[in-house]
1. Mind listing just one residue for me: the one in the range 1-34 that is farther than 18 Å from L57 by Cα and among the aromatic types (F, W, Y) and, of those, nearest to the chain's Cα centre (by Cα)?
2. Restricting the search to the range 32-58, which residues are under 21 Å from G6 (Cα atoms), out of contact with any Cys (no Cβ under 8 Å at 6 or more places or on another chain) and part of a loop (DSSP other than H, G, I, E, B)?
3. Among the numbered criteria (1) loosely packed, with under 11 Cβ neighbours inside 10 Å; (2) part of a helix (DSSP H, G or I); (3) among the charged types (D, E, K, R), which single criterion is violated by R29?
4. Taking the range 17-26 on its own, how many of its residues are of a type outside the set (V, I, T) and either open to solvent by less than 90 Å² (accessible area, probe 1.4 Å) or touching a His at 6+ places or on another chain (Cβ under 6 Å) (or both)?
5. Tally up the residues in the range 1-18 that are at pLDDT 85 or above and part of a loop (DSSP other than H, G, I, E, B), please.
Amino acid sequence: MLNFKGMRFPIDVILVCIRWYVAYPLSYRHLEEMMEERGVSVDHSSINRWAIRFLPLIEKMARKHKRSIGGSWRMDECCGQVISDTTIGSRAAIFRS
């Protein structure tokens, strides 16, 4: 669980900075300027510390909800005449009727 005790800035500001840093190709200094335009005076080193502190925790929490991939799959097979031989091949093969 994320622990925001002792943080100087509100949780919303911290999470917005971290989300923008991860989602878009922005540097900490660009985020500092963007937050300054929105009326929040935050230093780029603070955003760096937040990223170091909270990103591993957020990733761990997100992995719990991530769906597994590649659990089970099947390849379609069909019979056809390929260059005068009757063989079993995948749909990607070139068939002649």
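1. Going through the qualifying residues, I end up with Y24.
2. The answer is V40, S41, D43.
3. For R29, the exception is condition (1).
4. Residues that pass the stated criteria total 5.
5. So the count comes out to 3.
The values are calculated or read from the model by the stated rules, or taken from the named source; none is laboratory data. Given the structure is predicted, the values throughout are model-derived calculations rather than measurements. Positions of Cβ are generated from backbone atoms using ideal geometry, with glycine treated the same way; all protein chains shown enter the neighbour counts. Each accessible area value is taken on the protein alone, full model and side chains, heavy atoms only, with ligands, DNA and RNA left out. Shrake-Rupley method; radii C 1.70, N 1.55, O 1.52, S 1.80 Å.
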